[in-house]
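Asker: Pasting a structure here, questions to come.
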Amino acid sequence: MYDSIIIGCGFAGAVVARELAEKKGKHVLVIDSRDHIGGNCYDRYDEHGILIHQYGPHIFHTNSKNVYDYLSRFTKWYDYSHEVVGKIHDSEIPIPFNLNSLEMVYGNWAAGMEKKLVDMFGEGARVPILELMNQEDDELKEIATYVYENVFLKYTMKQWGKSPKEIDPAVSGRVPVLLSRDNRYFQDTYQGIPLHGYTAVFEKLLAYDGIDVRLNCQGKDVLRLDPEGEVKIYFEGEPFAGQVVFTGALDEFFDCRYGRLPYRSLDFHFEHYDKPFYQSHGVVNYTVSEKFTRITEFKYLSGQMDTRDTTIVKEYPMPYTGQEGEIPYYAINNAENDALFGKYKALVDQIPGFYLLGRLAEYKYYNIDAIVERALQLAERME
Ligand code: UDP
């Protein structure tokens, strides 16, 4: 019999499983509905030998030495500094919009504008676009309007079906206006891609005595609520008094009894080309045109720079409706949806030893490092 059952085998589930087995001596079962480990970080070699991220680009970055050191137990790193450009008509400007972007757009005018920006916010500042929009000065307003319209508006309309003003400000705040000449997408101390890919990291995380993994298995195949609808847990038909860590979509575990929690989904279109490179950077954001938001060219991420051919993926955002085959990727955080989440969470709070962890289960926008940190903390807290 298991001490702990973990639903979902992404970073949240895999790190908790490892910690519970290794530090607490638990016998752990990790289940996942897919036919592979790794959740949305799953990567694999495609038929051309290029390491692709099946569920979109995942670039690890963190300021936490603790998280970096922890993951470094399971992998060496490909020293990749992620750079993104925005394709605006015929030009490609660094994203986040920074002082180099400013110069590309405004030429001779840029020096004066730069001084104004730096005087107002300080050198190196990270200014959310919505904050820049509030400035009174005409030149600052001009920059803000340019960036809003050419970097944020159409990309965000595609990604969320709403304008940047209508979504949680924290989301557009992830990609600020950056008052430096650092063209990297992230400024964190540690960044990189696991040298042999993410899936290999998961294989090592899970290769530990006391951890069993069951794939192609839905949470509801093993765990059931009380037949009367009470929130008691049954494992394979018997009442289960152990720990459960749930990392999936919480509404679906409760058969959406209060209605569906809205998530945003993506449709990935992979393409392969018989030429060494497709584009100038690992990711190109299409901020003013096209139906897809961005194109990722994987060889930049994997470091396979010498291959004669290349694989890319285009991301087409779409609503998540819960239909077979669709995948929820992003919580859509706003007051109404967060309140609905609160109702589901209240059900869970009645079940002793039932923990929620991760993007889906906590209905939050977590990066890899944040979820690894939370997983480590949760495992430490669990008896
Ligand atoms: N965003 C944008 N234009 C860009 C990049 C980002 O409008 O060129 C906005 C968009 O709303 C996006 C959010 O900023 O959803 C966060 O971007 P990030 O790159 O962090 O998204 P992720 O990689 O997590 O999908």
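Since every read-out is calculated from the coordinates, none of them should be taken as a lab result. Owing to the predicted nature of the structure, the values given are computational and were not obtained by experimental measurement. We place every Cβ from the backbone using ideal geometry, glycine too, and count neighbours over all the protein chains shown.
Asker: Where the only charges are on Cβ atoms (+1 Lys, Arg; -1 Asp, Glu), what is the dipole of region 106-240 about its Cα centre, to the nearest 20 debye?
Answerer: Details: 16 positive and 23 negative charges, 87 e Å.
Approximately 420 debye in magnitude.
Asker: Also: In region 55-109, what trypsin sites (Lys or Arg not before Pro) fall in a loop by DSSP, with at most 14 other Cβ atoms inside 10 Å? Spell out each step's value before the answer.
Answerer: Numbers: sites: Lys65, Arg73, Lys76, Lys87; in loops: Arg73, Lys76.
Answer in residue order: Arg73, Lys76.
Asker: One-quarter of the Cα convex hull surface for region 267-372, in nm²? Walk me through the numbers on the way to the answer.
Answerer: Values: hull surface 39.7 nm².
Result: 9.9 nm².
Asker: Given Cβ point charges of +1 (Lys, Arg) and -1 (Asp, Glu) and nothing else, what value in debye, to the nearest 20, does the dipole of region 213-269 about its Cα centre take? If you can, show how the numbers build up before the last one.
Answerer: Working: 7 positive and 10 negative charges, 42 e Å.
The calculated dipole for region 213-269 is roughly 200 debye.
Asker: Return the Rg/Rh value of the chain, two decimal places, where both radii are evaluated on C-alpha atoms and Rh is the Kirkwood radius. Mind showing how you got there, number by number?
Answerer: Numbers: Rg = 22.2 Å, Rh = 22.4 Å.
Rounded to two decimals, Rg over Rh is 0.99.
Asker: Using 1/(1 + (r/R0)^6) with R0 = 25 angstrom and r between the beta carbons of Asp212 and Asp255, what's the FRET efficiency to the nearest 0.05? Mind dumping the intermediate values first?
Answerer: Numbers: r = 27 Å, r/R0 = 1.07.
Once the sixth-power term is evaluated, E becomes 0.40.
Asker: Regarding region 56-187, what is the average projected area of its C-alpha convex hull, in nm²?
Answerer: Taking a quarter of the hull surface, the average projection is 9.6 nm².
Asker: Order of His48, His281 from fewest to most other C-beta atoms within 10 Å? Write out the running numbers ahead of the final one.
Answerer: Working: His48 15, His281 19.
Lowest to highest Cβ neighbour count: His48, His281.
Asker: At a 10 Å Cβ-Cβ cut-off, how would you order Cys256, Cys9, fewest neighbours first? Could the numbers behind the result be given before it?
Answerer: Numbers: Cys256 14, Cys9 26.
Least crowded to most crowded, the residues run Cys256, Cys9.
Asker: Run through region 1-61 and list the GluC sites (Glu not before Pro) located in a DSSP loop whose Cβ has at most 15 other Cβ atoms within 10 Å. Mind showing how you got there, number by number?
Answerer: Values: sites: Glu19, Glu22, Glu47; in loops: Glu47.
Loop-located and lightly packed - Glu47.
Asker: I would also like to ask the following. So what's the gap between the Cα centers of region 321-366 and region 94-115, to the nearest angstrom?
Answerer: What the calculation gives is 40 Å, centre to centre.
Asker: Which entries in Lys162/Lys364; Lys275/Lys314; Lys65/Lys162; Lys220/Lys299; Lys165/Lys291; Lys87/Lys275 show an alpha-carbon gap greater than 26 Å? Spell out each step's value before the answer.
Answerer: Working: Lys162/Lys364 18 Å; Lys275/Lys314 17 Å; Lys65/Lys162 36 Å; Lys220/Lys299 38 Å; Lys165/Lys291 20 Å; Lys87/Lys275 21 Å.
Beyond 26 Å: Lys65/Lys162; Lys220/Lys299.
Asker: Moving on to the next point. Of Pro57, Leu99, Ala110, which is farthest on the positive side of the dipole of region 1-110, counting Cα position, with +1 on Lys and Arg Cβ, -1 on Asp and Glu Cβ, and the Cα centre as origin?
Answerer: Of the listed residues, the answer is Pro57.
Asker: Rounded to whole Å and sorted largest first, what semi-axes of the equivalent ellipsoid does the C-alpha gyration tensor of region 119-171 yield via the square root of 5 times each eigenvalue? List each step's numbers first, then the result.
Answerer: Values: eigenvalues 92, 30, 16 Å².
Listed largest to smallest, the semi-axes of region 119-171 are 21, 12, 9 Å.
Asker: Apply the Karplus parameterisation 6.51 cos²θ - 1.76 cosθ + 1.60, with θ equal to phi minus 60°, to every residue of region 217-225 and state each ³J(HN,Hα) to the nearest whole Hz, in sequence, with x for glycine and proline.
Answerer: Going residue by residue, I get 9, 7, x, 6, 6, 10, 9, 10, 7 Hz, with x marking Gly and Pro.
Asker: Next question. Can you give the net charge of the other residues whose Cβ lies under 13 Å from the Cβ of Lys275, counting K and R as +1 and D and E as -1? Display every interim value, and only then the final one.
Answerer: On the way: positive: Lys299, Arg308; negative: Glu271, Asp274, Glu297, Asp309.
Once all neighbours under 13 Å are counted, the net charge is -2.
Asker: Tell me what the chain gives for mean residue ellipticity at 222 nm when only DSSP H runs of n ≥ 4 count, each as -39,500 (n - 2.57), the sum divided by the residue total, rounded to 500 deg cm²/dmol. Could the numbers behind the result be given before it?
Answerer: Working: 14 runs with 118 residues, N = 383.
After summing the helix terms and dividing by the residues of the chain, the value is -8500 deg cm²/dmol.
Asker: Next question, about the same structure. In debye to the nearest 20, how big a dipole does the chain give about its Cα centre with +1 on each Lys and Arg Cβ and -1 on each Asp and Glu Cβ?
Answerer: 220
Asker: On to the next question. Cα convex hull of region 112-260: how many Å³ per residue?
Answerer: Details: hull volume 31.1 nm³, N = 149.
That works out to 209 Å³ per residue.
Asker: Which residue, Phe121, Phe254, Phe270, tops the fluctuation ranking in a GNM of the chain built on C-alpha contacts under 10 Å?
Answerer: Maximum among the listed residues: Phe121.
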